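Attaching a single structure in structure tokens format; questions to follow.
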Amino acid sequence: MVQAVLGVLGAMTLWFSAVFVKDFAAHKGELEDNSWGITLGIGFIVNFFDTLGIGSFAPTTALLKFFKQTKDRIIPGTLNVGCTVPVVLEAFIFIAVIEVEIVTLVSMLAAATAGAYLGAGVVAKFDERKVQLVMGFALLATAFLMTSGQMGWTASLGTGEAIGLTGGKLVFAIVANFILGALMTAGVGLYAPCMALVYMLGMTPRVAFPIMMGSCAFLMPVASIKFIKEAAYDRKASMAITIAGSVGVFIAAYLVKSMPISVLTWLVIGVILYTSLTMLKSAAKNKKAEKTAA
């Protein structure tokens with residue numbers, strides 16, 4: 001069954017790659033006036049840390065803007081097209097080498113994909129600041145609970161070893177990942193919340209990697225093809241991010257696979273805490289903007 005999942009993902013990625021390379025070749029004489037060196041560096045750095053669970057979209061946006069490598073209007077398309085292959089590689093690596101009970105894996109991947117497509121219209125109506133506040137505090141609480149387990153303050157926490165779910169926990173995980181998939185359309189990253197979900201349901205932190213990366217990998221090829229067909233992306237930057245990002249993924253994946261579970265848990269805590277503080281900071285900025293507008 002795992003091979004079937006990877007086969008479908010592989011077919012989708014080949015389809016995307018053919019469309020991307022064909023479009024790049026057709027416009028190779030009119031590529032954007034940005035730096036191969038800078039965009040290659042950005043691609044390597046952001047996808048290295050993406051493989052560790054940090055997420056790539058926010059840092060890629062920040063670096064592209066800081067170094068003035070592309071226009072704001074086409075940043076969303078550049079993010080999706082440039083990061084598709086690296087994220088798919090992450091999914092292939094972790095699904096193949098980290099064991100997850102197949103029903104849990106497939107159902108959570110399907111739920112996230114369905115959430116992104118079916119839930120987009122509903123989530124688009126959510127108040128952004130409220131979503132940021134709720135997710136920010138929820139992740140902050142999760143980071144505290146995980147730290148409690150790691151430090152031995154609460155013996156029952158931080159000891160999850162399950163690689164799959166059944167019954168009510170599985171149903172909860174499916175519904176939660178559907179919501180997380182939908183929230184991606186509102187700009188809320190899936191990685192840290194998925195890590196928190198895996199932990200809270202008693203699974204080992206390691207299985208968060210194939211689940212969260214697989215969830216994103218199934219969404220990105222289709223979305224990216226749309227950006228390519230509408231020419232709403234930076235071809236040169238996207239190709240650089242794809243090439244260097246793929247190298248970064250392989251290097252970082254080796255680190256994650258070889259980490260002792262205790263060290264990996266601390267990494268997950270760091271990612272969750274970082275994302276929590278980022279969301280709360282964004283919520284505060286939105287509140288300030290609302291007061292200024294009023």
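Each value in this text was obtained by applying a stated rule to the coordinates, not by laboratory testing. Given the structure is predicted, the values throughout are model-derived calculations rather than measurements. Glycine also receives a Cβ, built like all others from the backbone with ideal geometry; neighbour counts cover every protein chain displayed.
Of Thr113, Leu89, Ser258, which is farthest on the positive side of the dipole of region 2-293, counting Cα position, with +1 on Lys and Arg Cβ, -1 on Asp and Glu Cβ, and the Cα centre as origin?
My answer, from the dipole projection, is Thr113.
Find me the longest stretch of the chain that has none of the exposed trypsin sites (Lys or Arg not before Pro), where exposed means in a DSSP loop (not H, G, I, E or B) with at most 14 other Cβ atoms within 10 Å.
126-294
Are there any chymotrypsin sites (Phe, Trp or Tyr not before Pro) in region 57-103 that are in a DSSP loop and have at most 16 other Cβ atoms within 10 Å? List them by number.
Loop-located and lightly packed - Phe67.
On to the next question. ³J(HN,Hα) across region 266-276 via Karplus (A = 6.51, B = -1.76, C = 1.60, θ = phi - 60°), whole Hz, x for Gly/Pro?
Ordered by residue, 3J(HN,Hα) equals 5, 4, 4, 4, x, 5, 5, 5, 4, 5, 4 Hz.
Go through region 43-51 residue by residue and turn each phi into a ³J(HN,Hα) via Karplus (6.51, -1.76, 1.60, θ = phi - 60°); whole Hz please, and just put x for glycine and proline.
Values, residue by residue: x, 5, 5, 5, 7, 4, 6, 4, 5 Hz.
For the pair Ala26/Ile251, report the inter-label distance in nm, with labels modelled 7 Å from Cα in the Cβ direction.
Placing both labels 7 Å beyond Cα along the Cβ direction yields 3.5 nm.
Where the centre of each part is set by its Cα atoms, how far does region 225-294 sit from region 55-102, in angstrom?
If we compute the Cα centre of each part, the gap is 7 Å.
For Leu165, list long-range residues whose amide hydrogen, built 1.01 Å from N in the peptide plane, is under 5 Å from its own amide hydrogen.
HN-HN under 5 Å from Leu165: Thr104.
Sticking with this structure for a sec: Hey, with R₀ at 35 Å, roughly what FRET efficiency would Ala18 and Ile163 work out to, going by the Cβ-Cβ distance, to 0.05?
The computed FRET efficiency comes out at 0.50.
Please list the non-local residues whose amide H lies under 5 Å from the amide H of Gly55, H modeled 1.01 Å from N, same-chain partners needing a gap of 5 or more.
Under 5 Å from the amide H of Gly55 lie the amide H atoms of Asp50, each far enough along the sequence or on another chain.
A further question follows. What list do you get for Trp266, Trp15 if you sort them by fewest beta carbons within 10 Å?
With the sparsest Cβ surroundings first, the list reads Trp15, Trp266.
Any chance you could run the full-extension gain for Glu99 through Phe144? It's 0.36 nm times the residue separation minus the Cα-Cα distance, nm to one decimal.
Gain on stretching Glu99 to Phe144: 13.5 nm.
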